[in-house]
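Working notes, beginning with the structure itself.
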Amino acid sequence: MTRWTAAAANTWSVARPLPLGCNFIPSTAVNVLEMWQAATFDVATIDRELGLAAGLGMNAVRVFLHDLLWTDPAGMIARFDTFLALADRHGIVVMPVLFESCWDAMPVAGPQLPPRPGVHNSRWVQSPGMAALTDVDHRSRLEAYVGGVVAAFARDPRVMAWDVWNEPDNGPEIARGDVAGLQAKAALVMPLLDAAFGWIRAAGATQPLTSGVWSGDWSSPARLTPIQACQLDQSDFTTFHNYDGASDFIRRVDWLAALGRPVMCTEYMARPRGSTFAAILPEARRCGVGMFNWGLVRGATQTHLPWDSWQTPYLGPAHEPWFHDIFDPNGTLHDPADAALFQARDASEPRRLAGSPTDA
C-alpha cells in the first residue's frame, strides 16, 4: 500500500464529522503503561471519563499505546478492543499513537512510580525508549508490535486514523538545551519513523496515517527539517501541535493547508500561554480544522500544572488557571464556560476544502 492521494484524503475527511476531542488518559493512570497493563487497566474510570468527554460534545480521542505492552500481545489487543468498545458506546472514534519521543527515555514495564509531587506529567514515558533506539536488535520487535496492533484493527471503523509517532524530534534534551543530544536522537529516530509508516501500510491499514509537526517554520519545504519533511511527505492527512494564541494557530493552519490535505491539530490548549478554548475553538471552526486538546480529567499525570514545574515543582496551593485538563475527578468543569464553547461547534457545518485560505 502507498500514501493516499490528496483527493482520497479529502474525500475521507468530508465524509465524517469534524473531529473534536482530547488526548485521553484516565485520571488514575500516571502514564500509558499504567493505563494499559492488565493489573491497572481501569475500565470503570475509562468508561466514566469517556462519558464526560461525550457529554461535553467530544466525538474523538487520541490515545497513546506503547511498544513494551507487546510482551503480552493477546492481552494488549484485548484491552485495546475493550477501550474501542467503550469509546464507541459513547459515540467516540479513536486515533491511536504508536510511538512517542517525549519525557522519560528509559521506560520499564511493570508497576509504575507514583507522580512526583507538583510536577507536570512526571512519569510519562517514551516509546521506544533509548535502549531500543540504540540497539538494532530491537527493530524486529518494534516491527512486530506495529504490525500486530495494526493488523488486528486494520479494518475497524472505531479506529479513525493511525498517528505514527508523536513529536519524533522532541524529548528532554530540549529542556536541557542539549542540542547535540537531540541531533543524535533524531538520527536514531529518522529511519524508524520512515520504516513505521511502511510497517503500518504493510499491515493492511484501511485508515489514514499521520504524524504531527510541532515546532519551527513549516511555511515552505526548504524550511523543514528532515524529520518534518518525512512526517509531512508520508502523512495521508496533515496534523500539527500548537500551544500558542490564535494568531499563531491561524498562521500555522495556513502554512499546512497549502499542502492540499485535511488539517487537524492533535495537541493544543495551554491556558496561561493564550491557547484557550475561547481563543482557539472559534478559529478552528472557521478554518474547518479537527481539534484534540491535551487533557480531560485532572489526575495522576498532573497536567493541570505548567511545564516549568519540571524545574520548580508547584507544591503550594492549586495552580490557577490550570495549564491543561477540563474536569475535576468528580466531573466538575474547571471553567464552566468551556461547555458552551464545545457545544457551539456544529460538526455538520460545511467544511473548508483543504488548501483554501482561512479568511475565505
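The values are calculated or read from the model by the stated rules, or taken from the named source; none is laboratory data. Since the model is a prediction, treat every value here as computed from it, not as a measurement. As a convention, Cβ positions derive from the backbone with ideal geometry for all residues, glycine included, and neighbour counts pool all protein chains shown.
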When residues of the range 207-230 are limited to those that are aliphatic (A, V, I, L, M) and surrounded by 14 or more Cβ atoms within 10 Å (Cβ to Cβ), the one nearest to T5 (Cα to Cα) = L209
Taking only pairs six or more apart or across chains, which ones have beta-carbon atoms under 9 Å, a first residue in the range 223-237 that is touching a residue at least 60 places away in the same chain (Cβ under 8 Å), and a second residue that is part of a helix (DSSP H, G or I) and hydroxyl-bearing (S, T, Y)?
-> F237/S13
Would you mind telling me which numbered condition in (1) surrounded by fewer than 21 Cβ atoms within 10 Å (Cβ to Cβ); (2) at pLDDT 95 or above; (3) touching a strand residue (DSSP E or B) at 6+ places or on another chain (Cβ under 8 Å); (4) not aromatic (F, W, Y) G260 fails?
-> (3)
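For the range 115-145, enumerate the residues that are within 19 Å of the chain's Cα centre (by Cα) and not aromatic (F, W, Y).
If we filter the range 115-145 for residues that are within 19 Å of the chain's Cα centre (by Cα), which is where we start, we get 120-129, 145.
Scanning the range 115-145 gives H120, N121, S122, R123, V125, Q126, S127, P128, G129.
Go through the range 120-137 and give me each residue that's part of a helix (DSSP H, G or I), without any contact (Cβ under 8 Å) to a residue 60 or more places away in the chain and closer than 22 Å to N31 by Cα.
Quick first cut of the range 120-137, residues part of a helix (DSSP H, G or I) only: 130-133, 136-137.
Still in the running and without any contact (Cβ under 8 Å) to a residue 60 or more places away in the chain: 130-131, 133, 136-137.
Those that are part of a helix (DSSP H, G or I), without any contact (Cβ under 8 Å) to a residue 60 or more places away in the chain and closer than 22 Å to N31 by Cα: M130, A131, L133.
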Going through (1) part of a helix (DSSP H, G or I); (2) out of contact with any Asp or Glu (no Cβ under 7 Å at 6 or more places or on another chain); (3) of a type in the set (A, V, I, L, M) one by one, M1 fails only at (1)
Across the range 317-346, what is the number of residues that are free of Cβ contacts under 8 Å to residues at least 40 places away in the same chain and over 24 Å from R285 (Cα atoms)?
-> 7
Using beta carbons and a limit of 8 Å, which pairs, at least six apart or on different chains, have the first residue in the range 1-18 and in contact (Cβ under 8 Å) with a residue 12 or more places away in the chain and the second one surrounded by fewer than 16 Cβ atoms within 10 Å (Cβ to Cβ) and of a type in the set (S, T, N, Q)?
-> P17/S348
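Given the structure, is A196 under 19 Å from the mean Cα position of the chain (by Cα), in a loop (DSSP other than H, G, I, E, B) and under 26 Å from F292 (Cβ atoms)?
Values: under 19 Å from the mean Cα position of the chain (by Cα): yes; in a loop (DSSP other than H, G, I, E, B): no; under 26 Å from F292 (Cβ atoms): yes.
No; evaluated as a whole, the condition is false for this residue.
Right, T238: among the polar types (S, T, N, Q) and in contact with a Leu (Cβ under 6 Å, 6 or more places away or on another chain) or not?
On the way: among the polar types (S, T, N, Q): yes; in contact with a Leu (Cβ under 6 Å, 6 or more places away or on another chain): yes.
When the stated conditions are applied, T238 passes them.
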Which of the residues spanning the range 266-280 are in contact (Cβ under 8 Å) with a residue 40 or more places away in the chain and surrounded by 24 or more Cβ atoms within 10 Å (Cβ to Cβ)?
-> T266, E267, M269
So which residues in the range 199-218 are closer than 12 Å to W162 by Cα and part of a strand (DSSP E or B)?
-> L209, T210
Just to be sure, is L33 within 16 Å of the chain's Cα centre (by Cα) and in contact (Cβ under 8 Å) with a residue 40 or more places away in the chain?
-> yes
